[in-house]
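Here the structure is laid out as structure tokens; the discussion comes afterwards.
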Amino acid sequence: MEIRINGQAADISPENEKTIGEILASLDQWLTGLGHSLSGFSIDGKAADTSRLDEIFSMEISGVKALDIFTSSSAQLTAAALLNLLDDIDEFEELKFEDKGNYVNFWEQKAQARFIKENMPELFPLYVDLFTKGGVSCQTLRSITEERIREVGDPVGEFSKIEPLVNETCVRLVDLPLDIQTGKDGRAAQTIQIFSSITEKILRITKQLNLQGYLNKSDEKNFTQLIGDFSRVLRELLDAYERRDSVLVGDLSEYEAAPKLQELFTEILKKSREAEIQVDK
């Protein structure tokens, strides 16, 4: 059996797989590791009939001459899902008031809803909230979704744009002990919130940079260590802040959180820019 991926012959031979279902399951795991997902397939030139999947999956590969696999990158699938979510917001806004109450049940069956529930779990409840209670405004959720689209579409550019905010956050972290000591509770709380938000954005974009091949596999161990150390400091800082341990908050924010945030951002930005230059050549 010849296996082709997106029209190109693949140097892949079945090992212990006996059926189409088994070979597709193996290929799907392999593709996931490369940042791609199976989007369709055909057997001997005929597109698979989705209404007969059980029958197709049980087919013996010994009777198949050619299996064509069609894939989409994770970035493509994510971008498509996010764009569809923007259309969902528009659709919801145009509904009559009496029809909005039932929209969430219809929406949860859509492909983009299922996709973000599995792949972007922090975004899913915001949409459920909008379509049920209206706690999040359409404008706010549209802005959040558009931000995610930029992160997927141009992760290096979006990462570069947050450099001024990262630098400002590091300064605020150094100042945090003094803010706490002088009773500037509002500014201290805002610093913690900004720090948490910028951290979440860095980790989201880093995931995209990794999926889209901007981060070299040889640097994976270094990045894993940096992210692990940084995540530990973040948890300790948030825990100390919640316990109102001002001494520990001061030590962690000034001597660990600020320098580790700067180190993590600088290293990822450097490597992603280097990769971007290689792609452009």
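Each value in this text was obtained by applying a stated rule to the coordinates, not by laboratory testing. Remember, predicted model here, so these are calculated numbers, not experimental data. Backbone-built Cβ (ideal geometry, glycine too); neighbour counts: all protein chains shown.
In region 218-281, the convex hull through the Cα atoms has an average projected area of 4.6 nm², a quarter of its surface area. Within region 167-204, the trypsin sites (Lys or Arg not before Pro) that combine a DSSP coil assignment with at most 16 other C-beta atoms in a 10 angstrom radius are 184. Across all Cα atoms of region 155-280, the radius of gyration (one decimal) and Dmax (whole number) stand at 15.4, 51 Å. Across the alpha-carbon atoms of the chain, the computed radius of gyration and Dmax are 23.6, 78 angstrom.
Calculated [222 nm] ellipticity per residue, helices only, for the chain: -21500 deg cm²/dmol; basis is -39500 (n - 2.57) per DSSP H run with n ≥ 4, divided by all residues, nearest 500.
Under 26 Å of direct C-alpha separation, and excluding same-chain neighbours fewer than eight residues apart, residue 260 reaches these lysines: 161, 184, 201, 207, 217, 221, 270, 271.
All C-alpha to C-alpha distances of region 32-181, sorted into 5 Å bins beginning at zero, yield P(r) values of 2, 7, 12, 14, 12, 12, 12, 10, 8, 5, 2, 2, 1, 1, 0, 0 percent in whole numbers. State the Cα centre-to-centre distance between region 62-95 and region 138-179 in whole Å. Computed from Cα coordinates, the inter-centre distance equals 27 Å. Set the Förster distance to 25 Å, then compute FRET efficiency between residue 133 and residue 96 from the Cβ-Cβ distance, nearest 0.05. About 0.90, to the nearest 0.05. Overall shape of region 98-196 was characterised from the C-alpha gyration tensor. The equivalent ellipsoid obtained from it has semi-axes of 35, 19, 10 Å, in decreasing order.
For the chain, the membrane-span-like helix rule (DSSP H, alpha carbon extent of at least 15 Å along the helix axis, mean Kyte-Doolittle at least 0.5) picks out 20-33; this says nothing about an actual membrane. With bins 5 Å wide starting at 0, give me the P(r) of region 141-210 over every alpha carbon pair, in whole percents. Distribution as computed: 3, 16, 22, 20, 15, 11, 8, 4, 1 percent. Give me D for region 2-73 in µm² s⁻¹, whole number, from Stokes-Einstein with Rh from the Kirkwood sum over alpha-carbon pairs, 20 °C and 1.002 mPa s. Once the numbers are plugged in, D ends up at 175 µm²/s. Its residue count N sets the reference 2.2 N^0.38 Å, and the alpha-carbon radius of gyration of region 52-94 equals 1.97 times that reference.
For the chain, the relative contact order is 16 percent, taking Cα pairs closer than 8 Å that sit 6 or more residues apart in sequence and dividing their mean separation by the residue count. Extending each Cα 7 Å along its Cβ direction at residue 143 and residue 32, get the distance between those two points in nm, one decimal. The answer from the label model is 3.6 nm.
With all projection directions averaged, the alpha carbon convex hull of region 109-150 covers 2.9 nm². Here, region 76-153 is characterised by an Rg to Rh ratio of 0.94, where Rg is the alpha-carbon radius of gyration and Rh the Kirkwood radius.
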